[in-house]
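Please read the structure below before turning to the comments.
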Amino acid sequence: MTLADVAVSSVHLLFAAVWTGSVVFMTIAVLPAAREGALDSEPLSRFTTQFKRIARASAVVTLLTGGHQAANGYMDSLFSTTRGHLVVGMVVLWLTLAALSEIGAARLADGTDERKVRTPAADARPFFLAASVVAVALFVDAGALVAPW
């Protein structure tokens with residue numbers, strides 16, 4: 001493994017952790033406060049805008065760094081080995097997380113544009129809950145991928 005491979009892996013893990021952490025934070029901290037009316041539309045809008053930035057940047061960075069890792073270690077075995085299947089599963093999970101993040105954030109943004117909080121938070125909740133489950137599944141997949149076989 002080269003120094004470049006270590007750097008790419010580190011960046012990949014950093015962005016994956018920030019993205020999945022922000023999903024879980026929105027799910028367990030921001031949305032409940034919004035659903036209870038403890039947040040005004042302006043702070044919720046700011047949280048949502050920042051979340052979208054994190055999610056979009058992380059989606060791009062994890063796609064690029066993950067593609068680099070796959071090209072250098074798994075391309076010849078993506079569909080023929082357990083590790084390859086784990087990589088394919090991770091790609092599917094990342095795409096799912098990206099879709100759920102976008103939909104959930106869009107539901108929040110739609111309501112905060114109208115200065116609403118409770119309804120958009122309730123509308124976004126199922127998407128953030130599902131995204132949190134996907135985030136956990138990604139870490140399980142990653143743990144299986146780095147486990148010795």
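Could you go through the stretch 130-139 in sequence order and give the Karplus-derived ³J(HN,Hα) for each residue, using 6.51 cos²θ - 1.76 cosθ + 1.60 with θ = phi - 60°, rounded to whole Hz, and x for Gly and Pro?
Karplus-based 3J(HN,Hα) across the stretch 130-139 equals 4, 5, 5, 5, 5, 4, 5, 4, 4, 5 Hz.
If you work out Cα extents along the principal axes in Å from the coordinates, which of (i) 49, 31, 29; (ii) 51, 26, 20; (iii) 66, 33, 30 do you get?
Computing Cα extents along the principal axes in Å and matching it to (i) 49, 31, 29; (ii) 51, 26, 20; (iii) 66, 33, 30 gives (ii).
Could you tell me the calculated FRET efficiency between A70 and D113, based on Cβ-Cβ distance and R0 = 41 angstrom, to the nearest 0.05?
0.60
Among L108, L14, L93, which one shows the biggest mean-square fluctuation in a GNM of the chain, springs joining Cα atoms closer than 10 Å?
Residue with maximal mean-square fluctuation among L108, L14, L93: L14.
Helix-only estimate, please: 222 nm mean residue ellipticity of the chain, summing -39500 (n - 2.57) across DSSP H runs of length 4 or more and dividing by its residues, to the nearest 500.
Values: 5 runs with 122 residues, N = 149.
Taking each H run of at least 4 residues, the total per residue is -29000 deg cm²/dmol.
Suppose all protein chains stay in the model; what accessible area per residue would a 1.4 Å probe give for the chain, in Å²? It would help to have the intermediate numbers written out before the result.
On the way: 8300 Å² over 149 residues.
Per residue, the chain has an accessible area of 56 Å².
Subtracting the Cα-Cα distance from 0.36 nm times the residue separation, let me have the gained length for S10 to I28 in nm, one decimal.
Once the chain is fully extended between S10 and I28, it gains 3.8 nm.
In nm, to one decimal, how far is the R56 label point from the A137 one, both placed 7 Å along Cα→Cβ?
Simple spin-label model gives 2.6 nm for this pair.
May I ask you to derive the relative contact order of the stretch 16-149, considering only C-alpha pairs under 8 Å and at least 6 residues apart, and to give it as an integer percent?
Value for the stretch 16-149: 36 percent.
Taking the Cα centre as origin and putting +1 on Lys and Arg beta-carbons and -1 on Asp and Glu beta-carbons, what dipole magnitude results for the stretch 101-148, to the nearest 20 debye?
220
For the stretch 89-149, what % of the accessible area comes from carbon and sulfur atoms, probe 1.4 Å?
Summing carbon and sulfur atoms, their accessible area is 68 percent of the total for the stretch 89-149.
The values are calculated or read from the model by the stated rules, or taken from the named source; none is laboratory data. Computed from a prediction, not measured in an experiment: that's the story for all the values here. Note that we place each Cβ from the backbone using ideal geometry, even for glycine, and neighbour counts take in every protein chain shown. Ligands, DNA and RNA are stripped out before the accessible areas are found, and what is left, the full protein with its side chains, is counted by its heavy atoms. Shrake-Rupley method; radii C 1.70, N 1.55, O 1.52, S 1.80 Å.
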